[in-house]
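Structure first, commentary second.
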Amino acid sequence: MRDSRSTNKWDLYRAYFKNHRDGELERCGLEDGNDVDCWPTFRTQYGDSTEAFLRVALDLDRPANYGVTPQQQSQNFQEHCAKIKELNQEGLDNRFQTLTVVVGECLQEDQSNSAILAMP
């Protein structure tokens, strides 16, 4: 996430909670409440991964692809996969094994972007 939001986990969670209030209340077993009520449970559940999870979730919430045609999005996805393959090849050159799963947004009901890249 490259924007002006603070890197503070609490600030990230507050932004996340705005978009996922109902799911968070359900996850905490609450019928009503706010971000303060759900934060301790969230932090306990995700532990050391809290910040990483929140950053990914907020990035996925961002409407980054509005105005992009399915063909453009598919091309962007293929270019992204090519960059990952190149990075995985660098790892292979250093004797690392890699398994990467890349999933993009659903473009149409019958088409989505997904790839599994494995380097022995």
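The values are calculated or read from the model by the stated rules, or taken from the named source; none is laboratory data. Everything numeric here is computed off the predicted structure, so don't read it as measured data. All Cβ positions, glycine included, derive from the backbone under ideal geometry; neighbour counts span all protein chains shown. Keep in mind that these areas ignore ligands, DNA and RNA; they rest on the heavy atoms of the full protein, side chains included. Shrake-Rupley method; radii C 1.70, N 1.55, O 1.52, S 1.80 Å.
A cut-off under 12 angstrom between Cβ atoms defines the neighbours of Glu86, and their net charge, with Lys, Arg +1 and Asp, Glu -1, is -1. Annotation: amide H of Thr98 within the under-5 Å range of Met119, sequence separation 5 or more or interchain, hydrogens built in the peptide plane. On a per residue basis, the stretch 16-86 carries 69 Å² of accessible surface, using protein heavy atoms and a 1.4 Å probe. For the stretch 8-92, the fraction of 1.4 Å probe accessible surface lying on carbon and sulfur atoms is 48 percent.
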